[in-house]
Amino acid sequence: MNTALLIIFVTIVFSAGLGIFAGRKVKMNLENWTVGGRRFGVILIWLLMAGEIYTTFTFLGASGWAYSRGAPTYYILIYGTLAYTVSFFILPAIWKVGKRYGLHTQPDFFIKRYDSRGLGVLVAGIGVLSIIPYLQLQLAGLGLIVEVASGGAVQSNAAILVGFVLTCAFVYTSGIRGTAWVSIVKDAMMIAAVAIVGIGVPHIYFGGFGKMFRSLIEAHPNHLVFPGAAPGMDVLWVMSTVLLTGLGFYMWPHVFGSAFSARSAETIKRNAVIMPFYQIPILLVVMVGFTALLVIPGLRNGDMAFLELVNKTYPSWFMGFVGAAGAVTAMVPSSVLVLFASTLLAKNVYQAGFAPKASEERILGLSRLMVLIIMGFALLFAIFLPNALVNLLLIGYDGVSQFFPGVVLGLFWKRVQRRGVVCGLVTGFILAAVLVFSRNDPFLGLNAGFVALVVNAVVTVAVSLMGEDKRAHQNGNSPSISPGI
């Protein structure tokens, strides 16, 4: 166990040190801090986007769903590939807009396209509300992974506190460049851990994947067919969830903003081509969940399937390696989440809403200060009120997905109007919240967020067709961002 602790400690300290080192020779301004000076090539942008997308859910959630729900887990394997296909067509256009107008964040896009600082504040507010519970989840996941991997020698709260300090350090000093560099360590360790466990445990216990599946079908004949062990998550739910998450994937403010850090639109396209390879580790994690159902049945918490099976199968030093990989897997998305949440508050709420003449230096300073404040709140919630943000987390993906019509129509349809986007966004967000909080998700067998997204799109188009937004027409902003850029 001492070896496991040493591996965990050395890994997270080395990773944080690498993140701090990444920004040592860079003159830090808002451009470099937020989007890395728009100089990331194919490899670095791939590592960055994979690093912020594949989180503690890779270790805990995917295997937990495979263990406790069965067939509905397939949606996880599908929606990522759909999202990468969508990104091939929309992210290069978004990058060109960002390059031309010096945009740093998702609300910047809405402000420029629709000539409305108020809309930018609204988008930033929804984005921050979605990010903070997601950030808390990463910190809580980090604490859980380290506690289990250390056999209880390191308590969850202590691990969360250490992760908080180290993540704040490299975000504060290096910005998104630090995140990208730490992603190198995170991706290498995560892929190694997942490959060893995902390929190893089916062979150790059953002699291969085929024999494992035959045993699973015999023991749980309905587990691999819809709705598996989750009534209500039938084919309609999976199809609508795949569409919602596939379209909303790059609408998360931190993922959207990361596209601006690419060197060129061609870099974004190449990234879209190679990103589907990252679905392979997810497939292996799902295999671990299925194997765990047979080897260690009756777990009270299915999300523990991956860690419990590793603990049962491998020596303690390897458990330390898995814990270290899990800890860094939490730190990377935490860093980019807090970076963009702080920038949204400083630039798109404070500057856009209250101080339009604030200097870039002031906004950078405030963004850095907000890193500490936001992480501090997430730390307090993770330690003292771990369930306080559960409701916000439920609406997180449904909420950010409502940005999709405003972004895509803003890129490819000149007649879309500001008031149409505002009406659609507000309608979609409220409808999603009402359906989720009233426990009507699924709604008529469909994912509630998808229902809200469809209504949002209809409202956006209908209101836009009612007549031109005179202010946008007078200012000449309506056609400024279009497919012809």
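Computed values, structure above
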| item | result |
| --- | --- |
| Subset of the stretch 393-424 that is charged (D, E, K, R) and either assigned to a helix (DSSP H, G or I) or touching a Phe, Trp or Tyr at 6+ places or on another chain (Cβ under 8 Å) (or both) - its residue that is nearest to LEU129 (Cα to Cα) | ASP398 |
| Residue that is modelled with the highest pLDDT [pool: residues in the stretch 47-70 that are within 17 Å of the chain's Cα centre (by Cα) and small (Gly, Ala, Ser)] | ALA62 |
| Any hit, the stretch 334-347, residues being in contact with an Asp or Glu (Cβ under 6 Å, 6 or more places away or on another chain) and within 30 Å of VAL148 (Cβ to Cβ) | yes |
| Residue satisfying condition, being out of contact with any Cys (no Cβ under 9 Å at 6 or more places or on another chain), over 28 Å from MET49 (Cα atoms) and without any contact (Cβ under 8 Å) to a residue 60 or more places away in the chain, within set PRO297, PRO356 | PRO297 |
| The listed residue being under 20 Å from the mean Cα position of the chain (by Cα), of a type in the set (Phe, Trp, Tyr) and part of a helix (DSSP H, G or I), out of PHE306, PHE277, PHE290 | PHE277 |
| Any chance ASN311 is more than 22 Å from the chain's Cα centre (by Cα), of a type outside the set (Gly, Ala, Ser) and crowded, with 17+ Cβ neighbours inside 10 Å | yes |
| Residues satisfying the stated conditions in the stretch 216-240, i.e. farther than 20 Å from VAL454 by Cα, in a loop (DSSP other than H, G, I, E, B) and touching a residue at least 24 places away in the same chain (Cβ under 8 Å) | HIS220, ASN222, HIS223, LEU224, VAL225, PHE226, PRO227, GLY228, ALA229, ALA230, GLY232 |
| Qualifying positions in the stretch 339-366 - among the hydrophobic types (A, V, I, L, M, F, W, C) and outside any helix (DSSP H, G or I) | PHE354, ALA355, ALA358 |
| Odd one out for LEU243 among (1) among the aliphatic types (A, V, I, L, M); (2) in contact (Cβ under 8 Å) with a residue 60 or more places away in the chain; (3) more than 16 Å from VAL86 (Cβ to Cβ); (4) in a helix (DSSP H, G or I) | (3) |
| Of all residues in the stretch 336-357 being at pLDDT below 95 and among the small types (Gly, Ala, Ser), the one that is surrounded by the most Cβ atoms within 10 Å (Cβ to Cβ) | ALA352 |
| Matching residues in the stretch 391-401 - criterion: being more than 16 Å from LEU344 (Cβ to Cβ) and either modelled with pLDDT under 85 or not hydroxyl-bearing (Ser, Thr, Tyr) (or both) | ASN391, LEU393, LEU394, ILE395, ASP398 |
| Complete set of residues in the stretch 289-307 that are within 21 Å of GLN138 (Cα to Cα) and surrounded by 19 or more Cβ atoms within 10 Å (Cβ to Cβ) | GLY289, GLY302, ASP303, MET304, ALA305, PHE306, LEU307 |
| Among (1) over 14 Å from GLY326 (Cβ atoms); (2) in contact (Cβ under 8 Å) with a residue 60 or more places away in the chain; (3) in a loop (DSSP other than H, G, I, E, B), the one test that VAL154 misses | (1) |
| Residue that is surrounded by the most Cβ atoms within 10 Å (Cβ to Cβ), among those in the stretch 122-154 that are among the polar types (S, T, N, Q) and in contact with a Gly (Cβ under 8 Å, 6 or more places away or on another chain) | SER130 |
| Among residues of the stretch 397-444, those that are among the acidic types (Asp, Glu) and surrounded by 24 or more Cβ atoms within 10 Å (Cβ to Cβ), counted | 1 |
| All positions within the stretch 341-357 that are of a type outside the set (A, V, I, L, M, F, W, C) and either touching a Ser or Thr at 6+ places or on another chain (Cβ under 9 Å) or under 30 Å from ILE7 (Cα atoms) (or both) | SER342, THR343, LYS347, ASN348 |
| Residue that is closer than 23 Å to LEU18 by Cα and touching a Leu at 6+ places or on another chain (Cβ under 7 Å), where the choices are ALA325, ALA382, ALA330, ALA346 | ALA330 |
| Elements of type helices (runs of 4 or more DSSP H) in the stretch 1-106, at least 1 residues being out of contact with any Asp or Glu (no Cβ under 7 Å at 6 or more places or on another chain) and under 23 Å from LEU247 (Cβ atoms) | 42-53, 56-59, 61-68, 74-101 |
| Any hit, the stretch 322-340, residues being small (Gly, Ala, Ser) and either more than 25 Å from the chain's Cα centre (by Cα) or farther than 27 Å from ALA4 by Cα (or both) | no |
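The values are calculated or read from the model by the stated rules, or taken from the named source; none is laboratory data. This one's a predicted model, so the numbers in the text were calculated from it and none came from an experiment. Reconstructed Cβ throughout: ideal geometry from the backbone, glycine too, with neighbour counts over all protein chains shown.
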